[in-house]
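See structure below.
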Amino acid sequence: MGARKQIHLGVHFPGVNNTTVWTDPRSGSQIDFTSFEHLARRAEEAKLDFFFLAEGLRLREHKGQIHDLDVVGRPDTLPVLAALAAVTDRLGLAGTINTTFNEPWELARQFATLDILSGGRAAWNLVTSSDAFTGENFRRGGFLPHDERYERAAELVAVARKLWDSWDDDAVIAHAGSGQFVRPGSVHEVRHEGKHFQVRGEFTTPRGPQGHPVLFQAGDSSDGRDFAAATADVVFSAHSTFEAGQAFFTDVKGRLAAHGRRPEELLILPATTVVLGDSAQDAAERSREIRLQQVPGPTAIAFLEQVWGRDLTDHDPEGALPRIEPDVENLDITRGRVRHVKDPRSIAAAWRELADANGWSIRQLVIEVTSRGGFVGTATQVADAIDRHVQEDASDGFILVPHLTPGGLDDVLDQVVPLLQERGSFRTDYAGTTLRDHLGLTRPAPRATRSTSDRALVG
Amino acid sequence: MAFPVTPRQLHLGVDLSDAGAHPAAWRTHGSQAQRLFDAERLQHLVEVAQRGTLDLVVLDDSFSLQPSRSTTLRGRLDAALVAARLAPRSRGIGLVPTVATTHTEPFHVSKAIATIDHVSGGRAAWQVSWTDDEQDAAHVGRGPALTEAGAVAEAEEAVEVVTALWDSWEDDAEIRDQATHRFVDRARLHYVEHDGVHFAVKGPSITPRPPQGQPPIVVRVGSEASFGLAARHADVVRISATDRDEALDLRLRLRAAAAAAGREPGDLRVLVDAFVVIGPDRASARARLDLLTELEGVEWDTGSLTHVGTARDLAETFLDWSAVGAADGFVVRPASLHTDLDVLVDSVVPLLRDARAFRDRYAGPTLRDQLGLARPVNRYAAIA
Ligand SMILES: Cc1cc2nc3c(=O)[nH]c(=O)nc-3n(C[C@H](O)[C@H](O)[C@H](O)COP(=O)(O)O)c2cc1C
């Protein structure tokens, strides 16, 4: 079989955006636990690496009102993952948790708990997105300029790691005879005095099976990439096409050496979609139908309004683009999602040109400009393409994003994964029990074997 | 035993914290102390409690380790996540994690409890806690500790925000209207617009209204401040009382205070903490407690109803306290979980069932069903 690079695959539970199609008759609940259980069980049957949940801490708004065209509402990340730990055995459980609206003591004990409850399967996707809009749901309100967000995230992780390491691995001895529940001297006081956090005390929770949960990072700026290179085990990226993937891969892996890390210590897993068909043409046809479902008329208009900064509901989505110019004063017409509109007037001009040249309606234009690629083809074609991306270093694998809840990946798991297994690029069974085992990541050394620099920080 | 014709129905919870309520429980044979943090150990305990059709299990929590003056046992898991972990493989029984309000965000607390309610099909409750402990404050480092009165006042504000967020989605907010392509009816989603002393929270929640509408609020009363919080907000009040008259007096005062706050006193379930060492006869129960005392080196000081004796005597005590209106039920705190929970379920519960004072099957799928509490109307719902 030679030394084929091994592919890593996760499943993303459908998000609250227009990738997720809810108008389809097969669309199930995004809240009922049965939906989460379905996707997690299917992923585990296919021997995938992990299940992934995104997070957003305020309902999105558009034109000053709650955006009502996409799926809205989701349960809390960590309790869902804890519940999934009861119905799966091996699958990694990755949760997105914001570093801005949480405190290290609470988060560290939540992730240590999830790691213990799941037998070593916890992962934390650190996101830094924060704005005053989301802050309105929290004590601290809105704060933190962009560069300070990563500073806070880095300090938060540093504190969390001190807390996870403050119990020695074999601290719990439960020695009934002597009455020693923990080995004397095996729980160390943590002291941290930093810019964002002052934390002091004995941590409540034993060290988890993985030592530290696997850390994911999703952020694209140079700051974000440096943070990932310094800190993360996995980068969740949006660069799923081959060329962009290779460029991102080279860039981020290239940043590792500066932090004394080797390329295999950080995995790069872009989000991607897959549409299968009996023939290439059949798949392309299905993909077009899904795009039409994802961009109904009102969604196309709302999307255009984000660039135009004004109400366009009097426009026909099947008609031509607005001739009126964007209102450049009104760029936060949509709030609560990550989107950067740079120069609306030039975007509008370019889109008009595109639409005129191709004879596109508003809706067709939106479908084209919001297409993010993804794999479309027969199972064999898709397996070939996924394998090529990984073997040729455009990624270390993918996070698969379905368009239907909960069965949108059933066909991929049933048809594509076996082909990847046949060619020796994907495991046919789990070799270990923890998510670190699946991802080929080493377990962080316990405190006792660390350098003395830590020591100074511990009383 | 002579029982009244239609005895009042008891509610029974059990505390699953640590290895049992006695600090030395982990040191006794069969405690499985090595597996204290093993989810399957807890899952088994829930199965036992469910076999006895108990109303609920309670899970303690705090941001600090167990104080070393009270036990040698060390270590805690996050109770809300433990409750979620226990949900998919249990039925009927309520899951009640303790979640503190002092160093947490009401927005996070609200969606965590709502989600436990979703993953359990309506079996979550929230045991509200707070802290005036300097250690806890140092763990979070946002400022000095609050006074007890200050912490309870903040807890009350947190309860108001959390419960408002649960209502911030009306039950039928999700419409999936194909004709207009609207997934939700935004008129049925509500900003809570809380602007209080301790926090301002805009809302709505990101999580739809939980199956029970409002998961029950559980408050432990131990002071004047917490008495007021319980009377105004609790569905289930946990009290400590060493004798029947003390419990009766407290229960009546709670009901009166609830009524004065404009609530229906019949909507309050007052449960007395009952510490138990149950044996086939009094002497063997006593001997087991003696062993625990010897291991610990100090007498067991519980501060509430404490039963060291037979299952029959315990059942009689429960029925007696209930008959005079001293309690709506009990939160049983087994001295040793691995011993006393089985005896509670297999010996005490059958006697209560024989007396027709306790269910032999669950009344419905939700915790509110077991507690006999109606599903609350949404505070934001338009009155037709
Ligand atoms: C693939 C991907 C997924 C993301 N998922 C989330 C998410 O679930 N929740 C969230 O709050 N932010 C999410 N983000 C936003 C990032 O955390 C980050 O705030 C954003 O990319 C801006 O940071 P940057 O300037 O470094 O790119 C995601 C970003 C990317 C690239």
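Structure values in brief
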quantity	calculated
Percent carbon-and-sulfur accessible area, chain B, ignoring ligands, DNA and RNA, probe 1.4 Å	51 percent
Alpha-carbon radius of gyration plus Dmax, which is the widest Cα pair, for chain A in Å	23.3, 84
Stretch gain in nm, segment A:His175-A:Leu292, where the contour uses 0.36 nm per residue and the Cα spacing is subtracted	35.7 nm
Carbon + sulfur, % of accessible area of chain A - ligands and nucleic acids excluded, 1.4 Å	48 percent
Whichever lysines have a C-alpha closer than 20 Å to that of B:Lys111, once near sequence neighbours (fewer than 8 apart) are set aside	B:Lys202
Structure-based [θ]222 nm, chain A - -39500 (n - 2.57) summed over DSSP H runs of at least 4, per residue, nearest 500	-10500 deg cm²/dmol
Highest to lowest packing among A:146-156, B:190-200, B:113-123, scored as the average C-beta count within 10 Å	B:113-123, A:146-156, B:190-200
For chain A, share of DSSP beta bridges that run antiparallel, in % to the nearest 5	25 percent
Loop-located trypsin sites (Lys or Arg not before Pro) in the stretch A:400-443, at most 10 other Cβ atoms within 10 Å (DSSP)	none
Inter-probe distance in nm under a simple model that places probes 7 Å from Cα toward Cβ, at A:Ala349 and A:Ala247	2.3 nm
Protection proxy ranking, peptides B:15-21, A:52-58, average beta carbon neighbours within 10 Å, highest first	B:15-21, A:52-58
Counting DSSP beta bridges with both ends in the protein assembly as shown, the antiparallel % (nearest 5)	20 percent
Solvent-accessible area buried by pairing A with B, both sides, nearest 100 square angstrom, 1.4 angstrom probe	6100 Å²
Shielding by other protein chains, B:34-42, mean Cβ within 10 Å	4
Beta bridges by DSSP in chain B, antiparallel share as percent, to the nearest 5	10 percent
Minimum 40 Å² accessible area buried by the other protein chains, the stretch B:80-129 residues, probe 1.4 Å, relative to alone	B:Leu81, B:Arg85, B:Pro88, B:Glu105, B:Phe107, B:His108, B:Lys111, B:Thr115, B:His118, B:Val119
Peptide-level mean, for A:127-136, of C-beta atoms on other protein chains within 10 Å	1
Where the protein assembly as shown is the region considered: accessible area per residue in Å², 1.4 Å probe	37 Å²
Chain B: C-alpha gyration tensor shape, a/c 1.5 cut-off, then a/b vs b/c	prolate
Theoretical FRET efficiency, 1/(1+(r/R0)^6), r = Cβ-Cβ of B:Glu40 and B:Ala363, R0 35 Å, to 0.05	0.80
Listed peptides A:241-249, A:11-19, B:50-58 by packing density, highest first (mean Cβ within 10 Å)	B:50-58, A:11-19, A:241-249
Average beta-carbon neighbours from other chains, 10 Å sphere, peptide B:186-192	3
Loop-located GluC sites (Glu not before Pro) in the stretch A:186-233, at most 15 other Cβ atoms within 10 Å (DSSP)	A:Glu189
A:Gln180 long-range amide H proximity, modeled H, under 5 Å	A:His175
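The values are calculated or read from the model by the stated rules, or taken from the named source; none is laboratory data. For clarity, every value in this text was computed on a predicted model and none was experimentally measured. Ideal geometry is used to build each Cβ from the backbone, glycine not excepted, and the neighbour counts take in all protein chains shown. We work out accessible area using only protein heavy atoms, side chains counted, and drop any ligands, DNA or RNA first. Shrake-Rupley method; radii C 1.70, N 1.55, O 1.52, S 1.80 Å.
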